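I have placed the structure first, in the form of structure tokens, so that the comments after it can refer back to it.
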Amino acid sequence: MGRLRFLTAGESHGPALAATVEGVPAGLPLTADQIALDLVRRQRGYGRGARSTSIEHDRAEILAGVRHGLTIGSPILLLIRNRDWENWTRVMQVEPLTEEQAAELGRLVEAGDKRATPITRLRAGHADLAGATKYGFDDVRNVLERASARETAARVAAGAVARALLATLEIDVWSHTVEVGGVATDPARATRNREEAEGSPLRCLDPEAETRMVARIDEAREAGDTVGGILEVVARGVPMGLGSHVHWDRRLDGALAGAVASIPIVKGVEFGMGFAQARLFGSAVQDVIERRDADGSWLRRTNNAGGLEGGISNGQPIVVRGAVKPISTLPRPLPSADLITGEPVDKAHYERSDISVVPAAGVVAEAMVCLTLADFVLDKFGGDSIAELLDNVARYRAGIGGPGSPQPGRRPSGGKSKGASGGAAPAESE
């Protein structure tokens, strides 16, 4: 990332999670209540486990970078306290153990305390084996505490900051569930609006498909298994011209793909029609450009490209989908092997698990898309304050407006051009 950067810190059962967001212009209205909205959405969804639904009630404290409700241009520091920390204070203690504390832990291990016992039974699908080998650990807890999906709460908090920035430009990012356990939505039955979907068990637009998805989750729960699915993120109002075709690392599609794929449970990413394009003729795939409208926007028949062409946003809604694998921690663990002895064991380690997290993964994907778009917005338009950013964007939109606006390759008379070429408003076709 360039202009906008973020880092997270913290362990799953440590005292807290933290996120630092750097590069946010001054003057952006931001409150803890705004951030809380997305944190609550991340914890919802049919198939979630006890920690998300009853133990943790996430809320981010803003500790730096904001004064009197407005950002001041310095790094923003967010803190999310782990309520479950009170049950892990000795096991996850930061300071070195005294002899007495070490003896206390030893007694807990002898008594069979699961929290205190070092983890050596490896879990397939997790970072257990690769992480422990890479860092030389003899206790997998050092890996799983950070590799845990709990870390994504900090990402969602950081993403809420980026969402607030994008909202000033009328860019809206939202996700919904399109498939769970092999049950997919039918666009013809997607009768719910956004508000109705947000209130549904799986944040799904198709109520009939959602009923079957819930049944599929129940089936997995009964079998001691888990299910995956597919999430879809749609970003509307993204101006044409974010990203570039000139270098691989300036392509917006590449950055978005990397951002969504960085979510631990996501194993595939596609845009628009995605992989289905590989099975069709080109004439059935390309988005025909029909005309330029009076407001300067370019109208197309379809949005199979998902709002991205040549690594650049083309003014249509950006549509990103992520393939969510079934959760690796199974209520009925699979056979495995021991990290220390290398010998087979009957069951891999198990602590707790969700059955399905597709809606939650969608909220995390929203956060990653928001952070990526905000970075590319600031890279293109700059601005140390929100007022300056808005002014730069307004100049750009005016420069690529409707009939009579400057033509590509020509400098407008009487001054320097602030923009390049493209359309101002996104088409609604998808």
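Values in this text are rule-based calculations from the coordinates and carry no lab data. What you are looking at is a predicted structure, and each value in this text was computed from that prediction instead of being measured. Positions of Cβ are generated from backbone atoms using ideal geometry, with glycine treated the same way; all protein chains shown enter the neighbour counts.
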What are the ³J(HN,Hα) values, in whole Hz, obtained from phi via the Karplus relation 6.51 cos²θ - 1.76 cosθ + 1.60 with θ = phi - 60°, for each residue of region 189-203 in sequence order, with x given for Gly and Pro? 9, 7, 8, 6, 8, 4, 4, 5, 5, 4, x, 8, x, 10, 6
Give me, ordered by chain and number, the residues 5 or more places off L334 or on other chains with an amide H under 5 Å from its own placed amide H. A348
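With a Förster radius of 35 Å, plug the Cβ-Cβ distance of V91 and D186 into 1/(1 + (r/R0)^6) and report the FRET value to the nearest 0.05. Intermediate values should be presented prior to the final figure.
Details: r = 48 Å, r/R0 = 1.36.
Rounded to the nearest 0.05, the efficiency is 0.15.
Can you give the extra length, in nm with one decimal, that the chain gains between D346 and D113 once fully stretched, where that is 0.36 nm per residue apart less the Cα-Cα distance?
That pair, D346 and D113, stretches by 81.9 nm at full extension.
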Once amide hydrogens are built 1.01 Å from N within the peptide plane, the residues lying 5 or more places from A64 or on another chain with amide H under 5 Å from its amide H are L77
Tell me, H176, H245, H126 in order of fewest to most beta-carbon neighbours within 10 Å? H245, H126, H176
Length gained, R83-K134, 0.36 nm per residue minus C-alpha separation, equals 15.3 nm
Determine the gain in length on full extension of the stretch R279-A32; use 0.36 nm per residue of separation and subtract their C-alpha separation, reporting nm with one decimal. 84.3 nm
Inter-site label distance for E100 and R292 at 7 Å from Cα along Cβ, in nm: 7.9 nm
Cβ-based exposure ranking for W88, W248, in which fewest neighbours within 10 Å come first: W248, W88
Taking a point 7 angstrom from the Cα of L299 along the C-beta vector, which residues in region 313-328 have backbone N less than 20 Å away? 314-318
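Ranked by Cβ crowding within 10 angstrom, fewest neighbours first, how are Y135, Y350, Y396 ordered?
Y135, Y350, Y396
Classify region 186-267 as rounded, prolate or oblate, taking a ≥ b ≥ c as the square roots of the eigenvalues of its Cα gyration tensor: rounded when a/c is under 1.5, otherwise prolate if a/b is larger than b/c and oblate if not. Walk me through the intermediate numbers first.
Values: a/c = 3.74, a/b = 1.67, b/c = 2.24.
It is oblate, given that a/c is not under 1.5 and a/b is not larger than b/c.
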For region 1-33 and region 90-131, compute the distance between their C-alpha centroids and round to whole Å. 30 Å
Listed by chain and number, the aspartates and glutamates with an alpha carbon less than 15 angstrom from that of K347, same-chain partners under 8 positions apart left out, are D128, D225, D338
In the neighbourhood of L4 defined by beta carbon distances under 10 Å, the net charge of the other residues (Lys, Arg +1; Asp, Glu -1) is -1
